[in-house]
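These notes are about the structure you will find just below.
Please treat every number below as a calculation from the coordinates, not as lab data. Since the structure is predicted, the reported quantities are computational estimates derived from the model, not experimental observations. When we count neighbours, we look across all protein chains shown, and the Cβ atoms used for this are built from the backbone with ideal geometry, even at glycine.
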Amino acid sequence: MKEQHLPKTINPYSMADRRVRLAGDFQVVDMPRLTSFLAASDGHVSIDIQLDRDHRRLAFIKGCIKAELLILCQRCMQPFRYVVEKSLLLRPVLDDDQAKLVEPEYDPVMVEDQKLSLIEAIEDEIILCLPTVAMHEKSECPVTLPDDEVDTEIEKGPSPFDVLANKKRD
């Protein structure tokens, strides 16, 4: 499918009625909450989504997002490339009560006045994919730290419960 200019805001219900497919890119620089986690705001996020209705005639958004982001390693404080590839299965909802009723296979996404901020929804999904503590793979990181392995050999002595077992026999 030919990539197109992506709207930042959509009406997911009317697009689901028309079974619209959207494919294209958002610029990372246009996602301020995401850029606060990054070492650089260059690059783009690719999306390919289909809006449709299920057998119950409820709207849903299915697709995938891909991004290559530059994040800061917390071990060596140097930037590295982090790839995000995520499948989406979203259910547009109007309020918290509807969100509570969403089937477990769907993630609810809030819609206000029949409008969904597509760029913010995609930004949220990417933020959820970021690691809690970003680090290179150990083999790729220029900083070597003392081995993280804990000495698992513990000197074996008498079990404190042996005393209780002996008392029980008496």
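For the range 95-147, what is the charge dipole size about the Cα centre, in debye to the nearest 20, if Lys and Arg each add +1 at the Cβ and Asp and Glu each add -1 at the Cβ?
Numbers: 3 positive and 15 negative charges, 63 e Å.
So the magnitude is around 300 debye.
With θ set to phi - 60°, apply the Karplus curve 6.51 cos²θ - 1.76 cosθ + 1.60 along the range 11-22 and write out the HN-Hα couplings as whole Hz, x wherever there is a Gly or Pro.
9, x, 6, 5, 5, 5, 4, 8, 6, 6, 10, 10
Sequence gap at least 6, Cα distance under 8 Å: using those rules, report the relative contact order of the chain to the nearest whole percent. Walk me through the numbers on the way to the answer.
Numbers: 266 pairs, mean separation 32.6, N = 170.
Computed over the chain, the figure is 19 percent.
With +1 on each Lys and Arg Cβ and -1 on each Asp and Glu Cβ, and nothing else charged, work out how big the dipole of the range 1-159 is about its Cα centre, in Debye to the nearest 20. Please report the intermediate quantities before stating the final value.
Details: 19 positive and 30 negative charges, 174 e Å.
So the magnitude is around 840 debye.
Return the single residue from Pro12, Pro79, Pro32 with maximal mean-square fluctuation; model: Gaussian network over the chain, springs between Cα atoms under 10 Å.
Pro32
Using only Cα atoms and rounding to the nearest 10 degrees, what angle (0 to 90) does helix 160-169 make with the longest principal axis of the chain?
Its long axis makes an angle of about 60 degrees.
Distances over 19 Å make up what percent of all Cα-Cα pairs in the range 14-170? Before the final figure, lay out each step's value.
Working: 8109 of 12246 pairs.
For the range 14-170, the fraction of Cα-Cα distances above 19 Å is 66 percent.
So how do 19-29, 96-106 stack up, highest first, on mean other-Cβ count within 10 Å?
Peptide ranking by packing, descending: 19-29, 96-106.
Suppose we keep just the DSSP beta bridges with both residues in the range 35-138; what percent of those would be antiparallel, to 5? Before the final figure, lay out each step's value.
Details: 22 of 26 bridges.
Of the beta bridges lying entirely in the range 35-138, close to 85 percent run antiparallel.
Could you tell me the largest-minus-smallest coordinate of the C-alpha atoms of the range 1-59 on each of the three principal axes, in descending order and whole angstroms?
Rounded to whole Å, the extents work out to 44, 24, 16 Å.
Which number gives the lysine pairs in the range 49-170 that have C-alpha atoms under 22 Å apart and are eight or more places apart or on different chains? Before the final figure, lay out each step's value.
On the way: Lys62/Lys86; Lys62/Lys100; Lys62/Lys115; Lys66/Lys86; Lys100/Lys115; Lys156/Lys167.
Eligible lysine pairs with Cα atoms under 22 Å apart amount to 6.
By how many degrees, between 0 and 90 and to the nearest 10, does the Cα long axis of helix 118-129 differ from the longest principal axis of the chain?
Taking the Cα atoms of the chain, the angle to 118-129 is about 10 degrees.
Okay, helix-only estimate at 222 nm for the chain: each DSSP H run of n ≥ 4 adds -39500 (n - 2.57), divide by all residues, round to 500 deg cm²/dmol; what do you get? Present the calculation step by step, with values, prior to reporting the outcome.
Numbers: 5 runs with 37 residues, N = 170.
Per the formula, -5500 deg cm²/dmol.
Summing +1 for each Lys or Arg and -1 for each Asp or Glu, what net charge is found among the other residues whose Cβ lies under 13 Å from the Cβ of Ala39?
On the way: positive: Arg81; negative: Asp42, Glu68.
My count for the surroundings of Ala39 gives -1.
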